[in-house]
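Q: Can you keep this structure in mind? I'll have questions shortly.
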Amino acid sequence: MSEPVIISTWHFGLRANEAGIPIIGGGGSALDAAEAVARSAESDRTTRSVGYGGYPDRTGRITLDASVMTHEGRCGAVAALENIEHPVSVARAIMEKTPHILLAGNGAYQFAREIGHQHKNLLTLEAQESYEKWTESESAAPRHADQDNHDTICILALDSYGKVAGCCTTSGLAWKMHGRVGDSPIIGAGLYVNGNIGAAAATGYGELAMRSLAAYRTVQLLHKGYSPQEATKECIRQIIEEIPGAFALQLALLALTPDGRFGGYSILPGFQIAAYSQGKNRLTDTPNFTSKNDE
Ligand code: ASP
């Protein structure tokens, strides 16, 4: 039997983890726990970067990306999905009920409706007001990730049977171009799980994770014997070395191994992991490239 672990991204992960703790603590699966954490964040109207209450794209529409991946390497994802509160559950259903991995846009919406998801307007008054302010501002152009316009929730979980699983769900970069899809539904970029080795996920400027296949690369580093902390750090180091300008953008990685070790690393300061382990749910700061605070 393993000691269950749930790790998720950013400060709001702490609250969202609470939805997965009774599941994983009660002998539920890593996938069920991770999905419950994701669904909690998706319904939280105060979180500006995930699901209901998220910021829209530059045309005022909320388009959602999500993915799930299991210990055995099965996976499902949705991209540019609109008006559905729980994209993570649609991603899971794609994995479980269809021969495909990724559905996008209207096709993803139709599928969600067919399996019973309700149509819901996800744009809250608060998000609408921020959008209107943004359209009036001088910087009304697609932006890179900064502290105000991103924060996917990625969840990696280990259950008491020693199985790992992961989910990502996001409204993506605020004010992105309509039709833009980020890293979160791209298996290997925003999320990757190999039950024999471990799991990794990414949040921040998705284009960096897509160019580098950051989650897959991190799992390969785990395979080479790096610890989760070392693997995320080495992956960020390689990305900064390979991609001009990456050092000025935020990208954060987290990783978990089937023996319960976890860690994370980011380019810029501010990334936090919400970690439930050994019966406690705590927020931990992670080292980052910019502050070189891991020496
Ligand atoms: N990675 C996400 C994206 O690029 C953004 C985020 O993590 O907030 O869509």
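The values are calculated or read from the model by the stated rules, or taken from the named source; none is laboratory data. What you are looking at is a predicted structure, and each value in this text was computed from that prediction instead of being measured. Every residue, glycine as well, gets a Cβ built from its backbone with ideal geometry; the counts of neighbours run over all protein chains shown. Ligands, DNA and RNA are excluded from the accessible area calculation, which covers all protein heavy atoms including side chains. Shrake-Rupley method; radii C 1.70, N 1.55, O 1.52, S 1.80 Å.
Q: Taking LYS280 as the anchor, which lysines have their alpha carbon closer than 29 Å to its alpha carbon, excluding any fewer than eight residues away along the same chain?
A: Cα-Cα hits under 29 Å: LYS163, LYS233, LYS292.
Q: What whole-number value in Å² describes the accessible area per residue of the chain for a 1.4 Å probe?
A: 40 Å²
Q: Could you tell me the distance between the Cα centroids of the stretch 1-72 and the stretch 212-228, to the nearest Å?
A: Cα centres, the stretch 1-72 to the stretch 212-228: 22 Å.
Q: Where does each of MET1, MET177 land when they are ordered by accessible area, with a 1.4 Å probe and the largest first?
A: MET1, MET177
Q: May I pose another question? For the chain, what does -39500 (n - 2.57) per DSSP helix run (n ≥ 4), summed and divided by total residues, give at 222 nm, in deg cm²/dmol to the nearest 500?
A: -9000 deg cm²/dmol
Q: What relative contact order, as a whole-number percentage, does the chain give when Cα pairs under 8 Å and 6 or more residues apart are counted?
A: Result for the chain is 22 percent.
Q: How would you classify the stretch 177-295 from its alpha-carbon gyration tensor, with a ≥ b ≥ c the square roots of the eigenvalues: rounded for a/c under 1.5, else prolate if a/b is greater than b/c, otherwise oblate?
A: rounded
Q: If you build a Gaussian network model of the chain, linking Cα atoms that sit under 10 Å apart, which residue out of GLY53, GLY166, GLY190 swings the most?
A: Sorting by GNM fluctuation, first place goes to GLY53.
Q: Of the beta bridges DSSP finds with both residues in the chain, what % are antiparallel, to the nearest 5?
A: Among the beta bridges of the chain, antiparallel pairing accounts for roughly 90 percent.
Q: For the chain, which whole-number percentage of the solvent-accessible area (1.4 Å probe, protein heavy atoms only) is attributable to carbon and sulfur atoms?
A: 50 percent
Q: Here is a follow-up. Give the calculated FRET efficiency between THR284 and ASP259 to the nearest 0.05, with a Förster radius of 25 Å applied to their Cβ-Cβ distance.
A: 0.85
Q: Separation between the SER291 and PHE247 pseudo-spin-labels, each 7 Å from Cα along Cα→Cβ, expressed in nm?
A: Once both label points are built, they end up 1.9 nm from each other.
Q: What ranking of SER89, SER29 comes out by heavy-atom accessible area, probe 1.4 Å, highest first?
A: I get SER29, SER89, largest accessible area first.
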